[in-house]
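The values are calculated or read from the model by the stated rules, or taken from the named source; none is laboratory data. Because the structure is a prediction, the values reported are computed rather than measured. Quick reminder, even Gly has a Cβ in these numbers, built from the backbone with ideal geometry, and neighbours come from all protein chains shown. With ligands, DNA and RNA removed, areas are computed over all heavy atoms of the protein, side chains included. Shrake-Rupley method; radii C 1.70, N 1.55, O 1.52, S 1.80 Å.
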Amino acid sequence: MALNLPSPAQVKPSFFSDIINPVITPTKLPGSFALKRKEGDTKVVKRRVYCSAAHSPQPAWPGTAIPEPSDFKTWDGPKPISVLGSTGSIGTQTLNIVAEFPERFRVVGLAAGSNVTLLAEQVRIFKPELVALRDESKIDELKEALAGIDHKPEIIPGEQGVIEVARHPDAATVVTGIVGCAGLKPTVAAIEAGKDIALANKETMIAGGAFVLPLAHKNNIKILPADSEHSAIFQCIQGLPKGALRKIQLTGSGGAFREWPAEKMKDIKLKDALKHPIWSLGRKITIDSATLFNKGLEVIEAHYLFGAEYDDIEIVIHPQSIIHSLVETQDSSVIAQLGLPDMRLPLLYTLSWPERVYCSEITWPRLDLTKYGTLTFQAPDTKKFPSVNLCYAAGRAGGTMTGVLSAANEIAVELFVAEKISYLDIFKIAELTCNEHQKELVTSPTLEEILHYDQWARQYAAGLQKALSV
């Protein structure tokens, strides 16, 4: 079966205009889904950050971040933390921070997926009290690897083990570095146990925001963003008075294909997509950067974290990746957070907030703007990257749609990595899956519904492969 869908290079500028323009009444377009909005949802005068949609939950940080006395140190010795996804990129960088600042942080729990060798080495170095390995078939291998050490932690296999690490009674903060919806249940467990969340798992907000945010407020815990862009926004709103935030500008490098002409996009290969111009990232996020899905999904995350309406969140392509994001206040002032492209800084801030930790210039180089000379900015090319408008549309639809989009994209990326679909097919799979999900959209989902539609989206997206050609 051939899919009659335009490629990104063929898409006209008005392809998604019904979705993103609040004035135009949406119409259904072939191969796309349109958002139904109530008339009068958008207010032009004196916009605030509070969400206009009736089903939008209270944000984690409604346009301001002012620490309370209880947010400052309340434990003896170094701050105790648990790390979920300890052998991944976020986990290893977090542990590097702990190793550099042992007087500030200590590890009480580690959870990993299947990398026994690295997990065993981490246990030797950081001496956690509790360890989890999601891959239960490798538990004996882990026990054998730890046989010779003096400090033997408790080991719990499978997803339940990850959940127990997340709610370890001594942990003050839990770093959520597990990729995908696999990180959602442990994050929920940590919140219910009263732990602050160092949020590095996008799906917590993108798929689970409608459920997680009310739970976080109920348990009076803080969700501290570890992603560089959202950390930048978080830093910019420190101390802002209520109602001062007007707009958010999310910056991004533009990915590997920022300068590619549209007509060449059909020829993109895996090796091309894995060449990120600035950041050293994992394979999935590097490809998401190449499609700009990462930036579109960050818009959804920013909406849930800070309460800005989608009309008030803009994407700005900034190739040098020195300005990590900006906020505009009601009086048109713009506040930005700058720094070298280094994921350790936002991670450190989630662990130390509301305090700042002194860092050596040797291990944490200082930003010298005179070495850059010029910083440049441009709007995203939504003709080449239809992912941007698709993410805005899914965000406005809300509920389970955002999780479905994220899951469909994740499967599409896996198929692209396996060279079973083309680069352009990533956009098609995501859009077709969202289009199909309109029939069963849940605006205020339970955790079970979020997980159900995550699995549905993965199965549906995977099933589209046969209709597409490499």
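Brief remarks on what is shown
- Rg/Rh (Cα only; Kirkwood hydrodynamic radius) as it applies to the chain: 0.95
- A 1.4 Å probe run over the protein chains yields, for the chain, 42 Å² of accessible area per residue, whole-number rounding.
- Of all beta bridges that DSSP places with both ends in the chain, some 25 percent have antiparallel geometry.
- For the range 227-336, carbon and sulfur atoms together expose 49% of the accessible surface, with a 1.4 angstrom probe and every protein chain in place.
- The packing ranking, built from the mean of other Cβ atoms within 10 Å per residue, places the peptides 156-166, 423-433, 363-373 in the order 423-433, 156-166, 363-373, highest first.
- Virtual spin-label span in nm between ARG366 and LEU274, 7 Å along Cα→Cβ: 3.8
- Euclidean distance between Cα centres, the range 370-445 to the range 284-346, Å: 16
- Per-residue Karplus couplings for the range 170-185, computed as 6.51 cos²θ - 1.76 cosθ + 1.60 with θ equal to phi - 60°, are listed in order as 8, 6, 8, 9, 10, 8, 9, x, 6, 7, x, 5, 4, x, 6, 4 Hz, Gly and Pro entered as x.
- Rounded to the nearest 10 degrees, the inclination of helix 293-306 to the longest alpha-carbon principal axis of the chain is 70 degrees.
- Surface calculation, 1.4 Å probe, protein heavy atoms: LYS143 sits at approximately 110 Å² accessible.
- All C-alpha to C-alpha distances of the range 177-240, sorted into 10 Å bins beginning at zero, yield P(r) values of 23, 54, 23, 1 percent in whole numbers.
- Principal-axis analysis of the Cα atoms of the chain puts helix 401-417 at an angle of about 80° to the longest axis.
- Our note on the geometry: Cα centres of the range 70-102 and the range 187-227, 17 Å apart.
- Were the residues from PHE377 through LYS266 laid out at 0.36 nm apart, the gain over their Cα-Cα distance would be 37.4 nm.
- Over 20 Å between alpha carbons, listed pairs LYS202/LYS295; LYS185/LYS218; LYS218/LYS439; LYS295/LYS383; LYS295/LYS371; LYS271/LYS420: LYS218/LYS439; LYS295/LYS371
- For the range 69-230, projected area of the alpha-carbon convex hull averaged over all directions, nm²: 9.2
- Only alpha carbons enter this Debye calculation for the range 356-469, each as an equal point scatterer, and the log10 of I(q)/I(0) it gives at q = 0.15, 0.22 Å⁻¹ is -0.71, -1.13.
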